[in-house]
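I have placed the structure first, in the form of structure tokens, so that the comments after it can refer back to it.
Just so it is clear, none of the values below were taken in a lab; they were calculated from the coordinates. Everything quoted here is computed from the prediction, not taken from an experiment. Positions of Cβ are generated from backbone atoms using ideal geometry, with glycine treated the same way; all protein chains shown enter the neighbour counts.
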């Protein structure tokens, strides 16, 4: 049975980066993994949902959400503020 979400990414390991795969049925876990991919600077390749590659607009929306979560976490840590204050001041997803 296919996992609902299949994310392909690669770590920067020289000229021949090996493509890795992450699979989950949980949309929250998929979003959290995208945050992880962005935070560590891994090369993002594709997202598949139920075996079908997402349209570029859908992929961009998921990546934008993950980037907002990452920005929010970094602002909270750097400014020593709570997520509620970050959301009020900056408007990222907490």
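Worth a mention:
- Helix 56-79 axis versus longest C-alpha principal axis of the chain: approximately 40°, rounded to the nearest ten.
- Judged by the ratio a/c of the largest to the smallest principal axis of the C-alpha gyration tensor, segment 1-52 counts as oblate, that ratio being 1.5 or greater while a/b is no larger than b/c.
- All alpha carbon pair distances within segment 5-89 were sorted into 10 Å bins beginning at 0; the resulting P(r) in whole percents reads 16, 43, 28, 12, 1.
- Once C-alpha pairs closer than 8 Å and six or more residues apart are averaged by separation and normalised to the residue number of segment 5-89, the relative contact order reads 28 percent.
- For the chain, the longest principal axis of the C-alpha atoms and the axis of helix 27-40 are separated by about 80°.
- The calculated FRET efficiency for the pair residue 24 and residue 57, based on their C-beta separation and a Förster distance of 25 Å, comes to about 0.70.
- For the chain, the mean residue ellipticity at 222 nm estimated from helices alone is -15500 deg cm²/dmol, where every DSSP H run of n ≥ 4 contributes -39500 (n - 2.57) and the total is divided by all residues, rounded to the nearest 500.
- Listed peptides 25-31, 15-21, 43-49 by packing density, highest first (mean Cβ within 10 Å): 43-49, 25-31, 15-21
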